[in-house]
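Colleague: The structure's right below; bear with me while I get my questions together.
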Amino acid sequence: MAVIDGKKIAAEIRTELKAEVEELTGEGRAPGLSVIMVGQDSASRTYVNMKKKVAKNLGIKSDVYVMEEDIPEAELFDLIDNLNNDKTVDGILVQLPLPDHINPDQVIETVEPDKDVDGFHPLNSGRLFNGQKEGLRFEPCTPLGIMELIERHTEIDGARAVVVGRSNIVGKPVFKLLLDQNATVTICHSHTKDLEAETLKGDILVVAAGYPRLVNGDMVKEGATVIDVGVNRVNGELVGDVDFESAKKKAAYITPVPGGVGPMTITMLMKNTIKARRYHGA
Ligand code: NAD
């Protein structure tokens, strides 16, 4: 068994991205990323600060807009509109979750698709699901990071892959990205009757359920590559959706939590921002 070191792989990719940012900056303009946060949710604040820090380290120009929890929806849309029209901004990210009075779908659709570095806009998800290869297409960051980790450790073509979770942010796009690389993919969810019977079939097993230690070693196929996307806080400790100690006895490769998928997600956000800058030009 080998532990997949997401931190190390993310650092390697960031070194390459930094060189790209330098090149683009030399051509006249650094990539620009704007992050909007509504309210003071502490997990969101941590994620936003991490994104800002990584962007800064790479030389990406980043602005963070923190808005009051009770801000009227219209004010948020005005800000997004301004950023849509700002030529120095390549990527716009609205940190989720949003307060209840704000409709997240409407917010996602307000961001210009060519600045949607989160890959959540229906045009981008539509392009992903239609398999459109021409033109600009952003894919969501966590799924992109997951694919990088899998590709570096196992052959996807022809493998049997099992994804636990069907969210728009993780499960569904991972399903499509694996399918595009010719895996035979099963997607499981909260109504799946016999989860263990399904997960045991996976040469590749991606778990994104948001349920601490949902998958244990008995549910992992011998020699599988296991990607644990879950981030759960249990008694102050961060734990994944996979019981690492029992699963590592069966897996050939497995990601830890923390230090697996998390660092890759932020790295892919930077990669998408650079992609957007290339598309927009200097
Ligand atoms: P979500 O709540 O939107 O979706 C969870 C999915 O899991 C649902 O489709 C549900 O049907 C399925 N599910 C729940 N319980 C299940 C069960 N008992 N058996 C089978 N399926 C079950 O969550 P999400 O946004 O996809 O996130 C999933 C997890 O990944 C969370 O812990 C989240 O914090 C984490 N996450 C991590 C990163 C990262 O960068 N590391 C990014 C996004 C999400």
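Colleague: I'd like to know if region 154-172 contains one or more residues that are part of a helix (DSSP H, G or I) and either at negative phi or more than 12 Å from the ligand (Cβ to nearest atom) (or both). Before you say what the answer is, go through the steps one by one.
Modeller: From region 154-172, those part of a helix (DSSP H, G or I) are 171-172; that's our starting set.
Now restrict to residues that are either at negative phi or more than 12 Å from the ligand (Cβ to nearest atom) (or both): 171-172.
Within region 154-172, one or more residues are part of a helix (DSSP H, G or I) and either at negative phi or more than 12 Å from the ligand (Cβ to nearest atom) (or both).
Colleague: Here's another thing I want to ask about it. Restricting to region 150-172, count the residues that are touching an Asp or Glu at 6+ places or on another chain (Cβ under 9 Å) and surrounded by 22 or more Cβ atoms within 10 Å (Cβ to Cβ).
Modeller: Summing the residues that are touching an Asp or Glu at 6+ places or on another chain (Cβ under 9 Å) and surrounded by 22 or more Cβ atoms within 10 Å (Cβ to Cβ) in region 150-172 gives 4.
Colleague: Scan region 118-138 and give yes if some residue there is within 19 Å of residue 38 (Cα to Cα), in contact (Cβ under 8 Å) with a residue 40 or more places away in the chain and either assigned to a helix (DSSP H, G or I) or within 12 Å of the ligand (Cβ to nearest atom) (or both), otherwise no.
Modeller: The answer is yes; a qualifying residue exists.
Colleague: Here is a follow-up. Criterion first (within 15 Å of the chain's Cα centre (by Cα) and at pLDDT 95 or above) does residue 203 satisfy it? Write out each step before concluding.
Modeller: Details: within 15 Å of the chain's Cα centre (by Cα): no; at pLDDT 95 or above: yes.
For residue 203, the condition - within 15 Å of the chain's Cα centre (by Cα) and at pLDDT 95 or above - is not met.
Colleague: In region 48-68, which residues are surrounded by fewer than 21 Cβ atoms within 10 Å (Cβ to Cβ), under 22 Å from the mean Cα position of the chain (by Cα) and outside any strand (DSSP E or B)? Write out each step before concluding.
Modeller: First pass over region 48-68, keeping only residues surrounded by fewer than 21 Cβ atoms within 10 Å (Cβ to Cβ): 48-50, 52-54, 56-57, 59, 61, 63-68.
Imposing the further condition that a residue be under 22 Å from the mean Cα position of the chain (by Cα) reduces the set to 48-50, 52-54, 56-57, 59, 61, 63-66.
Scanning region 48-68 gives 48, 49, 50, 52, 53, 54, 56, 57, 59.
Colleague: Would you confirm whether any residue within region 183-202 is closer than 17 Å to residue 145 by Cβ and touching a helix residue (DSSP H, G or I) at 6+ places or on another chain (Cβ under 8 Å)?
Modeller: Taking every residue of region 183-202 in turn, none turns out to be closer than 17 Å to residue 145 by Cβ and touching a helix residue (DSSP H, G or I) at 6+ places or on another chain (Cβ under 8 Å).
Colleague: Are any residues in region 247-267 more than 9 Å from the ligand (Cβ to nearest atom) and crowded, with 22+ Cβ neighbours inside 10 Å, and if so, which ones? Talk me through it step by step, then tell me what you get.
Modeller: Filtering region 247-267 for residues more than 9 Å from the ligand (Cβ to nearest atom) gives 247-256, 259, 267.
Of everything in region 247-267, those that are more than 9 Å from the ligand (Cβ to nearest atom) and crowded, with 22+ Cβ neighbours inside 10 Å turn out to be 247, 251, 254, 255, 267.
Colleague: For region 197-246, which strands (runs of 3 or more DSSP E) that fit wholly inside it have 1 or more residues that are more than 10 Å from the ligand (Cβ to nearest atom) and touching a Phe, Trp or Tyr at 6+ places or on another chain (Cβ under 6 Å)? I'd like the intermediate steps shown before the answer.
Modeller: Numbers: elements: 204-207, 225-228, 232-234, 237-239.
Passing ranges, in order: 225-228.
Colleague: Any idea which of 92, 71 is surrounded by 15 or more Cβ atoms within 10 Å (Cβ to Cβ) and assigned to a loop (DSSP other than H, G, I, E, B)?
Modeller: Within the list 92, 71, the selection yields 71.
Per-residue answers, yes or no, for (1) closer than 25 Å to residue 122 by Cβ; (2) in contact (Cβ under 8 Å) with a residue 24 or more places away in the chain:
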{"residue": "47", "(1), (2)": "yes, yes"}
{"residue": "58", "(1), (2)": "no, yes"}
{"residue": "62", "(1), (2)": "no, yes"}
{"residue": "78", "(1), (2)": "yes, no"}
{"residue": "82", "(1), (2)": "yes, no"}
{"residue": "94", "(1), (2)": "yes, yes"}
{"residue": "97", "(1), (2)": "yes, yes"}
{"residue": "103", "(1), (2)": "yes, yes"}
{"residue": "107", "(1), (2)": "yes, yes"}
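Colleague: When you go through (1) touching a Phe, Trp or Tyr at 6+ places or on another chain (Cβ under 6 Å); (2) free of Cβ contacts under 8 Å to residues at least 40 places away in the same chain one by one for residue 42, which number turns out not to apply?
Modeller: Single failed check for residue 42: (1).
Colleague: Tell me which residues, restricted to region 173-191, are out of contact with any Asp or Glu (no Cβ under 6 Å at 6 or more places or on another chain) and within 6 Å of the ligand (Cβ to nearest atom).
Modeller: 189, 190
Colleague: Quickly run through region 116-149 and pick out the residues that are crowded, with 21+ Cβ neighbours inside 10 Å, of a type outside the set (Gly, Ala, Ser) and either farther than 18 Å from residue 266 by Cβ or modelled with pLDDT under 95 (or both).
Modeller: 124
The values are calculated or read from the model by the stated rules, or taken from the named source; none is laboratory data. What you see is a predicted model, and the numbers here were worked out from it, not measured in a lab. With ideal geometry, Cβ positions are generated from the backbone for all residues, glycine too; neighbour counts draw on all protein chains shown.
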